[in-house]
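Here the structure comes first, spelled out in structure tokens, and everything after it is commentary.
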Amino acid sequence: MGFRNRLKLVRDESAPIERRVIALCNALTFCHAGYHQGKELIKAKFNIDIGQTISSQQLLDAANYLESEWHVKGRKSHN
């Protein structure tokens, strides 16, 4: 499952929130900044800390932001 498929799961409002949060964490691994920096970006931009209570709208906003940044900056190089 690639980055964009993980974001689809984050956006899937019929999926349980827990599953969507896990998909967000998995997507961060493949985002333009990598997992740890991606977590910091999400925290700074949306005041979301992984592990806290999160709303469906916050998940949608985070997924949209990550996808837009991915289009601009590309995928993180794992070399």
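Figures for the structure shown
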| quantity | calculated |
| --- | --- |
| Top of Asn26, Asn47, Asn64 by mean-square fluctuation, Gaussian network on the chain, Cα under 10 Å | Asn47 |
| CD proxy at 222 nm, helix term only [per DSSP H run n ≥ 4: -39500 (n - 2.57); per residue of the chain; nearest 500] | -21500 deg cm²/dmol |
| Crossing angle, helix 17-30 versus the chain [Cα axis fit, 0-90 degrees, rounded to tens] | 0 degrees |
| Likely footprinting exposure, Leu7, Leu41, fewest C-beta neighbours within 10 Å first | Leu41, Leu7 |
| Taking Cys31, Cys25 and counting other C-beta atoms within 10 Å, the order from fewest to most | Cys25, Cys31 |
| Burial ordering of Phe46, Phe3, fewest other beta-carbon atoms within 10 Å first | Phe46, Phe3 |
| The chain: relative contact order as a whole-number percent, Cα under 8 Å and 6+ apart | 34 percent |
| Assigned charges on the beta-carbon of Lys, Arg, Asp, Glu; the chain dipole about Cα centre (debye) | 260 debye |
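Bear in mind these aren't lab numbers, they're just calculated from the coordinates by the rules spelled out. Not measured: the values here are computed from a predicted model. Heads up, the Cβs are rebuilt from the backbone with ideal geometry, glycines too, and the neighbour counts pull from every protein chain shown.
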